[in-house]
Every structure is written in structure tokens, then in C-alpha cells.
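In what follows, a single structure is set out as C-alpha cells and then discussed.
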């Protein structure tokens with residue numbers, strides 16, 4: 001990066017933060033959910049081992065056979081939780097993205113919290129994920145800015161990638177998933193949902209690109225992406241996007257048209273239900289067990305989304 005480009009990038013982010021703060025925007029909850037309708041009853045859900053963590057105004061936690069328990073995040077959040085992410089290698093660690101900027105992190109299953117990410121731009125964290133191969137590496141998408149990376153569990157952050165340029169404009173990231181596939185530069189891809197569909201970048205952060213069957217290097221130089229047999233609906237917003245840690249090529253996506261599933265890392269998709277969902281979570285060791293937050297409550301599937309019942 002040239003010195004001119006460096007200072008231009010810094011100025012751009014500082015300008016965005018200043019405008020957001022001056023307009024009072026940094027305290028407003030952000031989600032694509034608001035743009036396309038529906039109440040944000042479940043802004044985020046995630047599994048911590050067998051326990052389900054739910055952002056439902058406040059944070060609550062439940063294991064099968066137990067009752068819901070409230071988690072004391074309010075003082076650290078100073079706003080609403082927009083996204084939750086965990087990693088099976090570190091049970092008990094929960095990362096929450098916040099409307100007020102930055103993250104809150106718990107190391108004990110949500111019973112105590114620490115505020116981190118003070119050096120992130122003071123804007124809404126629209127999505128977050130943990131690197132598939134390293135639970136201390138976190139990624140956060142910042143509204144109006146781009147993708148940021150932390151290699152020390154959120155204590156410090158560096159700018160990783162601008163927002164993707166799609167349909168003649170930059171688009172915010174609405175969801176993030178770290179996917180461990182052999183086709184990535186180091187085996188890892190960062191998949192992202194946007195207001196127009198799914199995109200991805202290898203963890204070299206070379207360039208946002210369409211999902212295709214080529215490996216990362218071939219995809220970067222390819223002029224003609226390979227057609228998908230069953231793509232997601234063209235131009236439809238991605239509300240939530242998750243990958244199954246135990247089955248990396250399986251992705252679940254929530255769109256206005258319903259919940260979709262891919263078993264080939266996003267090349268082809270099948271619509272499993274027309275149910276509108278605001279958040280998704282998949283069990284860390286059972287890729288068929290998925291939970292969705294809907295306007296009518298939590299629903300679950302034990303067969304990869306083919307059938308659904310109340311959670």
C-alpha cells in the first residue's frame with residue numbers, strides 16, 4: 001500500500017466515524033432485518049457446546065432439559081448485541097458484537113464479560129466470526145467501513161479488507177463465517193453475506209470473489225466464474241450465514257425467501273423452508289442440528305433443515 005493510499009484509508013474511516021457520531025447513529029441498532037421488515041426478536045444465536053446462547057433483548061442461555069438463564073452482559077454492552085460467535089476448541093468463550101461499537105467477550109459461558117475492541121471504529125459491529133483454525137483470531141464487520149481482524153482474542157485489531165464492491169457500490173457485510181476448506185490460500189475462507197448475496201475472500205485478503213469451485217489462486221485470476229446449478233436467489237439479501245464446523249462444506253443461510261442449505265461450500269443451494277429467520281446457529285459436532293430465530297420463536301431441525309419443530 002502506498003503512503004497516500006494509507007492516509008486516504010485512515011481518513012475515510014475517521015470521516016465515517018465522525019459522521020456516525022455526529023448524527024447519533026452509533027447508538028442505533030443495525031441489521032439487514034430492519035431494512036426488509038420484521039422485529040429483531042432474535043438478533044443473534046450461537047451454540048456454546050450443547051448450550052444455546054440467544055440475544056433476545058438481553059442474553060439468555062439454555063441447555064436441553066434446563067430452563068433459560070439470563071446472562072449479565074448489559075453493563076458491558078451499553079447497547080444491543082448484534083451478533084454472537086463461538087469456537088468449539090474453547091468452550092465457554094462467547095464473543096458478542098455490539099451496536100455501540102466493539103465487542104464484549106466472556107470466557108466462562110456468559111457469566112462475566114469484558115469489553116474489548118476499543119480501537120475499532122465507533123460504529124455498529126454488523127457481524128463477527130472466529131477463524132476456523134485459530135480460536136484467538138477474530139473477524140468483525142463494521143458498518144460503513146469493512147472487515148477487521150484480531151489475532152489476540154479481540155484485544156487489538158487491524159483493518160483487513162474493504163467492503164465488497166457489488167452492483168456498482170460498496171456493500172456492508174451482514175454476516176460472516178470462517179470456513180475451513182482445502183481450496184483456501186491457507187485452507188481458510190471468510191464467507192460473507194451482503195444485501196445482494198454471498199461473497200468470500202481467502203484469508204490472504206486478496207480480493208472479494210464469487211463462490212466457485214476453483215481454488216483460491218485460480219479463482220483470483222479467473223475471468224469467467226463457473227456457473228452454479230442451484231444458486232441462491234439473485235440479488236436477495238443474506239440475513240444470516242453460518243458454517244458447520246464438523247462439516248465445513250455445509251452452509252446455512254437465512255434470506256427473505258427462507259432458510260437455504262448448501263453441501264458444497266456455497267456452489268449450490270436448496271431451499272429447506274420458506275420460514276423467515278433472523279438468526280441461525282448450528283451445533284458444533286452435529287451439522288444436521290440447526291436452530292433458527294424467527295418472529296414466532298425459536299425453531300430447530302435435526303435433519304439439516306428438512307423438517308422443523310419448536311425449540
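A few comments on the model shown:
- With the highest mean first, a sort of the peptides 48-54, 93-99 on other beta-carbon atoms found within 10 angstrom per residue produces 93-99, 48-54.
- Packing-based ranking, highest mean first, of 148-160, 245-257 given that Cβ atoms within 10 Å are counted: 245-257, 148-160
- Taking 7 Å steps out from each Cα toward its Cβ at residue 168 and residue 64 produces label points 5.2 nm apart.
- Potential lengthening between residue 158 and residue 206 on full extension [0.36 nm per residue; Cα-Cα distance subtracted]: 15.7 nm
- Distance between the stretch 136-168 and the stretch 276-308 - C-alpha centres, whole angstrom: 27 Å
- Extending 7 Å from Cα along the Cβ direction at residue 213 and again at residue 263 yields two label points whose distance is 1.6 nm.
- Rounded to 0.05, the FRET efficiency of the residue 271 and residue 300 pair, given R0 = 25 Å and the Cβ-Cβ distance, is 0.90.
- Fully extended contour minus Cα-Cα distance, from residue 307 to residue 107, at 0.36 nm per residue: 68.6 nm
- FRET E, pair residue 247, residue 75, Förster distance 25 Å, beta-carbon r, rounded to 0.05: 0.10
Read-outs throughout are calculated quantities, based only on the coordinates presented, and are distinct from any laboratory measurement. These figures come from a predicted structure and were not determined experimentally. Glycine gets a Cβ as well: all are built from the backbone with ideal geometry, and neighbour counts include every protein chain shown.
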